[in-house]
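Any read-out appearing in this document is the output of simple, stated calculations on the displayed coordinates, not a laboratory observation. The structure displayed is predicted, hence computed values, not measured ones. Because the Cβ atoms are built from the backbone with ideal geometry, glycine has one as well, and the counts that use them run over all protein chains shown.
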Amino acid sequence: MQGSTEAARDLFQAHGTAIYRFAAVLVRHREDAEDVVQETFMKLLRHLEAGGDTTNLRGWLFTVAAHAARDRQRRRSRWIPWAPVHDAAVPPPVLDDEDGRIRSARAALRRLPDRDRLLLALRAQGLSYREIASAAAIQPASVGRLLARAADRWAAAASRNPASEQERKSDATGPRRSGARERA
Amino acid sequence: MNCLNDERLQALADGEGRDDDRAHAASCAACGARLRARTALMTSIETSLNPPVDLPASFRLKADGATRLRALPDTRRRWIYTAAAVAASLVAVLFVLPIVRTSDTTVSASEILAKSVTQLSAVRRGIEVMEYELVLGGVPKEMVPDQVDGTYRVWQAIDHDVPGRFRFASFTADGQAISSIAEDPIGKRRVAAFRSEGQAYRFDVTLPSGPRNLSLPEIEQLHMEASIAIMQASGNQLLETIDGPNGKLYRIEVPRLASPGSNPVWDLTEARVLIDSRDYSVVEFAVQGSFLKSPYSLSYKQIRHVVGASLPADAFTVPPQPGEIVVTGEGTAVPTHDIVVLALRALAQAKRAQ
């Protein structure tokens, strides 16, 4: 079990930031991205303790992180959209984004289908086709074709509309959150 | 060899292509140009989707701390009594951030809401002055009797030392006066002033004897209290803390509290509240729901709130308006009813005079 903890710690140091960046562009809230990291490495620890497969742990980590990010987005999407006038009154907390790159990335991703978002986000973290296939639950032979289409749609969306005013407004910074969040 | 299709070109750009495809791209000008363009596109995408954000420092510090502990022999012996202890320590050390993150806000959403309701209903002394923005949509007149849909800026003063004494003034978003109403239970008078089609009116009535009804600010406060109490009863709250201009704020949302129309009298379908962590006062409040099966929404945003304010003597008096038509009479417990009845009576008198 000590080996598991050491391995988990090493993997956290090696991939924690990459998992966080991966989650940061897929989810909207910073605390959700942090929760994705936490959940991913907690599951890694249990996976290692249970003697799980260790042949492709990097791909395994991104698979778990992708599922965790998707679950959080689904949970958020179940909420009824609030009236615009109320949104103006209480803007949601956003990720720290000093140079606006997260906002731009999320705005671009929002214009793509879910699978395209996931594939491009995985590729952006340098995952191989085999790892991407595992994380996205698709055939390895399909990764290149699907990535090509996703990249074309990204390019088309980017040339059509760099980032709509509405998207900029929806991501406009409001009161900055202090980092605390609880599920009551 | 045929030119490369998009899939094979993509694989080359991603460093996964076959050697013969790469050789073709090197020898074919068209495929070479497409490969360069595809590689540039993927580089652009990867740069966009790999933002330069790092894990919060506390995450990393905790991990570093784990390394340091293990480097000390004595400490190491203490931490490796059992494998379970090691695992537990890793969990505690590596993933302590979320626990630490919430340790300064250990109250639950329900507790915060309960404290807020307590704060709202607390007995106060002296004069309380509030300014706030009010956005109404479909709000029934049983809730806010003298307002129609729209955005208002409201000023209100309540004298807690004299139950029922208040003045309430509403303005358009750009500051134009809309209406003002004041009640004085000691002088037994209620004055309501407003403009309609450019004409100013002033209804000055005596208050009925007997127990007084709820005042307009009391009705609004009760609505807020009841809404927050329903939020508290919900098991589906989402609580966050955010930094406001004057300190930490609790932001609590409750999605879909009841199925639309499940309660024929009053349903809340969605609610959100922003509470000041210093005193649990409500800074912002917004609900959507239905009252008597009619959908409505209400949003409140506090601008200023002073308890124990010092006001000039005429602060509870509705100021006269130039050219106003003054209607006097005996009032009832329902201000809107008084205005209609007294206006009709004045109209009848004018007709008889003609």
* **In Hz, Karplus ³J(HN,Hα) per residue of the stretch B:283-294 (6.51, -1.76, 1.60; θ = phi - 60°; x = Gly, Pro)** => 8, 9, 7, 8, 9, 10, x, 9, 10, 6, 6, 9
* To do: For the stretch B:186-191, take each phi angle, set θ = phi - 60°, evaluate the Karplus expression 6.51 cos²θ - 1.76 cosθ + 1.60, and give the result in whole Hz per residue in order, putting x for glycine and proline.
  => 6, x, 6, 9, 10, 10
* Structure fact -> Any GluC sites (Glu not before Pro) in the stretch B:180-230 that lie in a DSSP loop and have at most 13 other Cβ atoms within 10 Å would be B:GLU197
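Are there any trypsin sites (Lys or Arg not before Pro) in the stretch A:1-65 that are in a DSSP loop and have at most 16 other Cβ atoms within 10 Å? List them by number. Don't jump to the answer; show the numbers that get you there.
Working: sites: A:ARG9, A:ARG21, A:ARG28, A:ARG30, A:LYS43, A:ARG46, A:ARG58; in loops: A:ARG28.
Answer in residue order: no site qualifies.
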* Asked: At a Förster radius of 51 Å, what calculated FRET efficiency corresponds to the Cβ-Cβ distance of B:LEU311 and A:SER159, to the nearest 0.05?
  -> 0.25
* Asked: Quick one: if the Förster radius is 51 Å, what FRET efficiency do B:SER196 and B:SER108 give, using the C-beta to C-beta distance and rounding to 0.05?
  -> 0.60
* Asked: Among rounded, prolate and oblate, which fits the stretch B:6-48 when a ≥ b ≥ c are the square roots of the eigenvalues of its C-alpha gyration tensor, a/c under 1.5 means rounded, and a/b larger than b/c means prolate?
  -> oblate
* Structure fact -> Quick calc, the stretch A:1-59, dipole around Cα centre from Cβ unit charges on Lys, Arg (+) and Asp, Glu (-), nearest 20 debye, gives 160 debye
* Once you have a ≥ b ≥ c as the square roots of the Cα gyration tensor eigenvalues for the stretch B:114-316, tell me rounded if a/c is under 1.5, and otherwise prolate or oblate according to whether a/b is larger than b/c. => prolate
* To do: For the stretch A:121-146 and the stretch A:5-68, write down the distance between their C-alpha centroids in whole Å.
  => 17 Å
* Asked: What FRET efficiency would be calculated for the residue pair B:PHE171, A:ARG110, taking the C-beta separation as r and a Förster radius of 56 Å, to the nearest 0.05?
  -> 0.90
* To do: State, to one decimal in nm, how far the label point of B:ASN213 lies from the label point of A:ASN56, with both points 7 Å from Cα in the Cβ direction.
  => 7.2 nm
* **For the stretch A:142-147, 3J(HN,Hα) per residue [Karplus equation, 6.51 cos²θ - 1.76 cosθ + 1.60, θ = phi - 60°, Hz, x = Gly/Pro]** => 8, 4, x, 4, 5, 5
* Return the loop-located trypsin sites (Lys or Arg not before Pro) in the stretch B:156-220 (DSSP other than H, G, I, E, B) with at most 15 other Cβ atoms within 10 Å of their own Cβ; answer none if there are none. => B:LYS188, B:ARG212
